[in-house]
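To start, the structure under review is shown below, and the notes come after it.
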Amino acid sequence: MIINGKEIAKEIALKIKAKLDNLKPKKPNLSVILVGNNSASLTYIRMKKKACDHVGIDFDLYHLDENIDEKALLKKISYLNNDPKVNGILVQMPLPKKINENEIILSINPKKDVDGFHPLNVGKALIGDDSGFLSCTPLGIKILLEKSNIDIQGKHVVIVGRSNIVGKPLAAILMQKKPFCNATVTVAHSYSRDLIQITRSADVLVAAIGKPKFITKDMVKTGSVVIDVGINLEKQSDSTTKLVGDVDFENVKDIASYITPVPGGVGPMTIACLLHNVYKSFIQTV
């Protein structure tokens with residue numbers, strides 16, 4: 001069965017919109033900082049703005065020159081940290097190489113860190129403290145499994161990829177002693193030996209490695225659940241490009257019990273969970 005992330009994300013957005021309609025004229029604010037003109041970043045920001053507009057979240061974009069220095073960027077973040085109307089701050093990654101991303105993340109007020117990247121929020125996720133913000137993509141995956149009635153309690157979840165954005169926080173979330181969690185989690189990566197044996201042992205396989213069609217049919221156990229986090233542009237024979245995931249979807253879908261497509265799977269859930277985090281920040285101040 002193909003999991004429709006668009007429909008689940010739409011359901012989340014509609015619930016947030018209904019809640020915000022009841023709080024009018026008060027509205028939350030998401031302030032986004034973009035440095036430079038990365039084409040992928042511009043696309044993501046347009047999608048985030050559209051989603052915010054739809055549910056009633058004010059969206060402010062601060063588009064800064066790619067030559068801005070770190071000190072000036074930190075000053076802008078400090079201004080937003082101290083602005084009471086701002087509920088969420090998001091610095092679109094990647095940043096120019098001369099800017100230290102870790103320092104930028106550290107500078108964001110954890111109470112406005114709706115990306116869930118600040119170490120304080122990451123630590124809260126690890127210990128199961130719900131007062132912080134969970135990173136949007138891992139939270140989206142958890143909700144995707146829950147809404148699809150996929151019980152992971154006691155199941156073996158294998159995550160291929162150990163990034164700070166997906167792999168590590170997702171492992172922390174799914175192993176918690178909480179409803180719709182309680183999984184046994186393995187995090188595999190580029191140094192993992194016998195990767196095929198590891199992935200074939202998964203009841204739930206999450207591909208978040210950033211390589212197009214990396215997960216092939218022989219790496220997947222029949223009847224397993226496959227969650228594809230990848231977003232890759234693959235060149236076609238006619239010189240066009242196609243958006244594909246980290247999973248060889250066409251060959252894997254026939255043996256998986258559930259699978260997410262790309263696009264239309266995890267991607268919409270990430271944006272829906274950003275809306276969720278902005279709303280969560282907002283109601284703490286109402």
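Values in this text are rule-based calculations from the coordinates and carry no lab data. In this text the structure is predicted, and so the values were computed from the model without any measurement. Backbone-built Cβ (ideal geometry, glycine too); neighbour counts: all protein chains shown.
Contact order, relative form, for the chain: 21 percent (alpha carbon pairs under 8 Å, 6 or more residues apart, mean separation divided by residue count). Close amide H contacts of residue 186 (hydrogens built in the peptide plane, cut-off under 5 Å, sequence separation of 5 or more or a different chain): 157, 158, 159. Highest GNM mean-square fluctuation among 264, 140, 88, for the chain modelled with Cα contacts below 10 Å: 264. Rounded to the nearest angstrom and listed largest first, the equivalent-ellipsoid semi-axes of the chain from its Cα gyration tensor are 31, 22, 19. Could you tell me which of rounded, prolate or oblate describes the range 2-80, using a ≥ b ≥ c as the square roots of the eigenvalues of the alpha-carbon gyration tensor, with rounded for a/c under 1.5 and, failing that, prolate when a/b is larger than b/c and oblate otherwise? Judged from the Cα gyration tensor, the range 2-80 comes out oblate (a/c at least 1.5, b/c at or above a/b). Sorted fewest first by neighbouring Cβ atoms within 10 angstrom, 228, 254 come out as 254, 228. Along the chain, counting only trypsin sites (Lys or Arg not before Pro) with a DSSP assignment other than H, G, I, E or B and at most 13 other Cβ atoms inside a 10 Å radius, the longest segment between sites is 194-286.
Here's the list of lysines a cross-link from residue 71 could span, going by alpha-carbon distance under 29 Å and ignoring same-chain residues fewer than 8 apart: 48, 49, 85, 97, 98, 111, 112, 124. For the range 50-62, the Karplus equation 6.51 cos²θ - 1.76 cosθ + 1.60, evaluated at θ = phi - 60°, returns couplings of 4, 5, 5, 4, 5, 9, x, 9, 5, 10, 10, 10, 10 Hz by residue, with Gly and Pro reported as x. As a ratio to 2.2 N^0.38 Å, the alpha-carbon radius of gyration computed for the range 61-169 takes the value 1.24. Ordered by the number of other Cβ atoms lying within 10 Å of each residue's own Cβ, fewest first, 181, 52, 273 fall into the sequence 181, 52, 273.
Taking the number of Cβ atoms within 10 Å of each Cβ as an exposure proxy, the fewest-first ranking of 269, 1, 47, 219 is 1, 47, 219, 269.
Give the shape of the range 225-286 as rounded, prolate or oblate, defined through the alpha-carbon gyration tensor: a ≥ b ≥ c are the square roots of its eigenvalues, a/c under 1.5 means rounded, and otherwise the shape is prolate if a/b is larger than b/c and oblate if not. Walk me through the numbers before you get to the answer.
Numbers: a/c = 5.34, a/b = 1.92, b/c = 2.78.
In terms of gyration-tensor shape, oblate.
Once the Cα atoms are used to define both axes, helix 5-21 deviates from the longest principal axis of the chain by about 30 degrees.
The overall shape of the range 137-286, judged from the alpha-carbon gyration tensor, is oblate: a/c is not under 1.5, and a/b is no greater than b/c.
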